[in-house]
Amino acid sequence: MARHRIPQPQRVRKIDGSFAWIDHRLLRSGYLQVMDHQDQALYLFLALAADRHGVSFYRKEKICDILGLDWGPFEVARDRLMDLKLIAFAPYSALSPNGYYQLLPVDGRPPDYAQQAFVQAQRRARDETVRHRNSRPPRRPDEIDPVAWVRS
């Protein structure tokens with residue numbers, strides 16, 4: 001059985017002091033494939049900032065500063081990570097945009113967004129077909145008001 005080769009054996013990593021980890025199931029279970037770069041950057045940041053319980057409490061402004069994100073893309077990434085059930089967020093108070101972030105265990109597989117989009121497109125097409133069938137038939141030429149055409 002072939003062994004892998006370490007390109008720089010004199011510089012092998014070792015754990016000194018604090019330590020952060022990222023679950024390999026993000027890759028193996030397909031989460032990385034459904035995450036965009038902002039999602040991945042935010043997850044990495046939260047993993048590096050987390051305590052032993054997976055909790056971090058950096059302010060939104062500071063996270064955006066460090067990651068180079070505007071607030072809109074940050075909130076989209078945070079919401080997507082929550083939808084994927086990779087993080088939880090609890091605000092400090094009802095009116096605060098800041099709060100506690102918790103990395104959650106990576107369980108199962110991510111949602112199949114392509115399949116969900118396909119099903120939604122099918123529903124829209126079906127609804128449009130039903131709406132079209134139930135709509136009024138086209139007007140006859142003698143029903144058209146020529147003055148209405150001029151006003152529009």
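The values are calculated or read from the model by the stated rules, or taken from the named source; none is laboratory data. Being a predicted model, the structure only gives us computed values, none of them experimental. Virtual Cβ from ideal backbone geometry, glycine too; neighbours counted across all protein chains shown.
Here is the figure for the stretch 25-56: residues that are of a type outside the set (A, V, I, L, M, F, W, C), over 15 Å from residue 103 (Cβ atoms) and outside any loop (DSSP other than H, G, I, E, B) total 4.
Can you pull out every residue in the stretch 8-28 that is charged (D, E, K, R) and surrounded by 10 or more Cβ atoms within 10 Å (Cβ to Cβ)?
Residues of the stretch 8-28 charged (D, E, K, R): 11, 13-14, 16, 23, 25, 28.
Selection gives 23, 25, 28.
Quickly run through the stretch 71-105 and pick out the residues that are in contact with a Cys (Cβ under 9 Å, 6 or more places away or on another chain) and touching a residue at least 12 places away in the same chain (Cβ under 8 Å). Within the stretch 71-105, 73, 74 qualify. Filtering the stretch 78-92 to residues that are outside any strand (DSSP E or B) and over 20 Å from residue 107 (Cβ atoms) leaves only 92.
Only one of these is touching a helix residue (DSSP H, G or I) at 6+ places or on another chain (Cβ under 7 Å) and within 30 Å of residue 81 (Cα to Cα): 44, 27, 32. Name it.
Values: 44 fails: touching a helix residue (DSSP H, G or I) at 6+ places or on another chain (Cβ under 7 Å); 27 fails: touching a helix residue (DSSP H, G or I) at 6+ places or on another chain (Cβ under 7 Å).
Residue meeting the stated conditions: 32.
Annotation note: of 93, 29, the sole residue that is modelled with pLDDT under 95 and touching a Pro at 6+ places or on another chain (Cβ under 9 Å) is 29.
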